[in-house]
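Report on the following structure.
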Amino acid sequence: MTMEPERNRIYRMDCMELFSQIPDGYVSMILTDPPYGIRYQNNFARCPHPPIAGDSGIDYEQFARESYRILRNDSHAYFFTRFDCYPYHYNCLKEAGFSIKNCLVVEKGTVGGIGDLQGSYANNAEWLIFCQKGRRTFNHTPLLQNRKKEGTRPRPGANPSKRYKTRFNACWFGTEYPKATYNSVWQKKHRIYHPTIKNAEFLSWLIQISSQPGELIFDGFMGSGSTAVAAMMAGRDYLGAEIDPAYCDMAVKRASEFRKEALISGPVTE
């Protein structure tokens, strides 16, 4: 009999291998940035990042099917994507059984600086495919206040406005929203370097909107560990994998340090 994977743990292994250890409906939310098969390498940075392990491509059809299988019924899933990968990822997720609701477009903490610098627009946003398995409504959170005063009615007979937003836009830009990624200044200050690093505060917003305290958040491509930190920030558990040994060590260390600072008990070891 296969043992269930341990909660609050980052496994140093291929995500596809970890899937085989996860029972059906085991996780409450998926939030992940899978490889796009583009061999990402930023050669314009002062200290170029090495190619990401596994980024020559994954079997996205299998990944989508396994993601659907391990997700609990009536739950949310978020998958980072790119404009040129979106159609393929969309179709794979739809074929796996997901109900695809939106493509979220979220402002980055820094403008992208690779590719054709003279003949293409700068990439200043992240894309996420938002899916549901079954049907789950959004949580009411105190993340963002409505601009209208609480209790006012936009028109006669309408419901009075609430203090906090209960429905968010699909595009997150401006100072009221957290950025999707950290900039180079943040990475240098914290000595946490990853070519596709995500902002834990932003991820925690998604987690608070789409899950309940104590539920399990899954990320099969942990990278620098932002999803693990975001889950702890929101009072949730996490589970994930990272195939690259150096990044896995980074993620485990980062999660462990956050756990100690927040006085949260439990394992984070790989």
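The values are calculated or read from the model by the stated rules, or taken from the named source; none is laboratory data. In this text the structure is predicted, and so the values were computed from the model without any measurement. Note that we place each Cβ from the backbone using ideal geometry, even for glycine, and neighbour counts take in every protein chain shown.
Cβ-Cβ distances below 9 Å connect the following pairs, each with a first residue in the range 1-29 that is under 17 Å from Phe98 (Cβ atoms) and part of a loop (DSSP other than H, G, I, E, B), a second residue that is modelled with pLDDT of 95 or more and among the polar types (S, T, N, Q), and a separation of six or more residues or different chains: Gly25/Asn73; Gly25/Ser75.
Every residue, every condition in (1) in contact with a helix residue (DSSP H, G or I) (Cβ under 6 Å, 6 or more places away or on another chain); (2) more than 16 Å from Tyr68 (Cα to Cα); (3) crowded, with 20+ Cβ neighbours inside 10 Å, yes or no:
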{"residue": "Phe79", "(1), (2), (3)": "no, no, yes"}
{"residue": "Phe83", "(1), (2), (3)": "no, yes, no"}
{"residue": "Tyr86", "(1), (2), (3)": "no, yes, no"}
{"residue": "Asn102", "(1), (2), (3)": "no, yes, no"}
{"residue": "Val111", "(1), (2), (3)": "no, yes, no"}
{"residue": "Leu117", "(1), (2), (3)": "no, yes, no"}
{"residue": "Leu128", "(1), (2), (3)": "no, yes, yes"}
{"residue": "Gln132", "(1), (2), (3)": "no, no, no"}
{"residue": "Asn139", "(1), (2), (3)": "yes, yes, no"}
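For the range 178-223, taking the residues that are of a type in the set (Val, Ile, Thr) and in contact (Cβ under 8 Å) with a residue 60 or more places away in the chain, the one that is farthest from Glu257 (Cα to Cα) is identified as Ile209. Screening Asn43 on (1) modelled with pLDDT of 85 or more; (2) out of contact with any Phe, Trp or Tyr (no Cβ under 8 Å at 6 or more places or on another chain); (3) closer than 26 Å to Ala246 by Cβ shows it passes everything except condition (1).
Given the conditions (1) more than 28 Å from Met29 (Cα to Cα); (2) at pLDDT 95 or above, and given that Arg136 satisfies all but one, which numbered condition is not satisfied? All conditions are met except number (1). Residue pairs whose Cβ atoms lie under 9 Å apart, sitting 6 or more positions apart in sequence or on different chains, and linking a residue in the range 229-251 that is touching a residue at least 24 places away in the same chain (Cβ under 8 Å) and of a type in the set (Val, Ile, Thr) to a partner that is crowded, with 24+ Cβ neighbours inside 10 Å and assigned to a strand (DSSP E or B), are Val229/Tyr238. Within the range 190-230, the set of residues being closer than 18 Å to His140 by Cβ, in contact with a Phe, Trp or Tyr (Cβ under 9 Å, 6 or more places away or on another chain) and of a type in the set (S, T, N, Q) comprises just one member, Ser210. Filtered by the rule that a residue be in a loop (DSSP other than H, G, I, E, B) and in contact (Cβ under 8 Å) with a residue 60 or more places away in the chain, the range 92-144 gives Lys108, Gly109, Thr110, Gly113, Ile114, Gly134, Arg135, Arg136, Phe138, Asn139, Thr141, Leu143.
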